[in-house]
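Coordinate-derived values only; no laboratory data. What you see is a predicted model, and the numbers here were worked out from it, not measured in a lab. Neighbour counts are summed over all protein chains in view; Cβ atoms, including those assigned to glycine, are modelled from backbone coordinates with ideal geometry.
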Amino acid sequence: MNLRFSETESAFDYMVATREYVDRHGKPVAFYSDRHAIFHVSNKNTIEAKKPTQYGRVLHDLNIELICANSSQAKGRVERANSTLQNRLVKEMRLQGINTIEEANAWLPYFIDDYNRRFAKAPNYSKNLHRPIRETTDELDDIFSWQEIRKLSNSLTFQYDKVLFLVEATEENSRLVHEEVKILDYPNGEIAIQYGHRKLNFKTFDKLQKIDQGRVVDNKRLGQVLRFAQQKQEEFELKKQSERSKHAPKRKAQERAVKTINPVLRDFQVKANNKTRSTR
């Protein structure tokens, strides 16, 4: 069993919880879930239906089967266990004086050990079918990330979640014009760009942030690109469309990360600070 508190039910939260599970127990044969959109694409007519969800891709890369409950009886088995746990958890946390998500997650391993000691039943088949993890830590980090594909422009740039990414203009990278690269958006807020097995150095330019015209003039290589981004930014402001992409991952889980080099997270931090000031 693995438990984790989070603010929302997002793909990143499931990735973090699954990573904790496999680090502790190894890789199971399969995970049994409901038909939530994180696990299963319900609309078969969409383009996304032809490929797995981000969480489904994670399990596929780990060679773990994902089985979605297809009946109310099957889903009821999961919900009954959840109901029991949620009922006990609230009372136990009240007795322990726990008030925050961080405190709750730090305490959960002790609750799990005590719960299993008191209520666990021996399985009919006692053999442990969990498989050892053969992937390295770096490989697991890459697997447990939100992954997108983008094509590089003539100037080695691409856009992701309304942020302009500029790949370092080296002699080796100059051969990558119009090539596809993979974006690795990690749960801790970091972002990496990968071509084949090679990670690429890059800089970012956030189109939703105010920019200094001097910055455009001083940077000779990126002058044209940044002027274009500035023009697009002004168009967004006029149309009141200064929001992140609706297709990007939900980032509540990333807000709690210590490392936040992903420029997308600045918006969430600013909004949270403004909300705090307005309530005072």
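Values for this structure:
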quantity	calculated
Inter-probe distance in nm under a simple model that places probes 7 Å from Cα toward Cβ, at A192 and T84	4.0
Loop GluC sites (Glu not before Pro), region 130-210, which have at most 11 other Cβ atoms in a 10 Å radius of their Cβ (DSSP)	E171, E172
30 Å Cα-Cα threshold exceeded, pairs from K51/K151; K51/K127; K27/K51; K27/K182	K51/K127
Candidates per trypsin sites (Lys or Arg not before Pro) in region 151-210, loop by DSSP, up to 15 other Cβ within 10 Å	K210
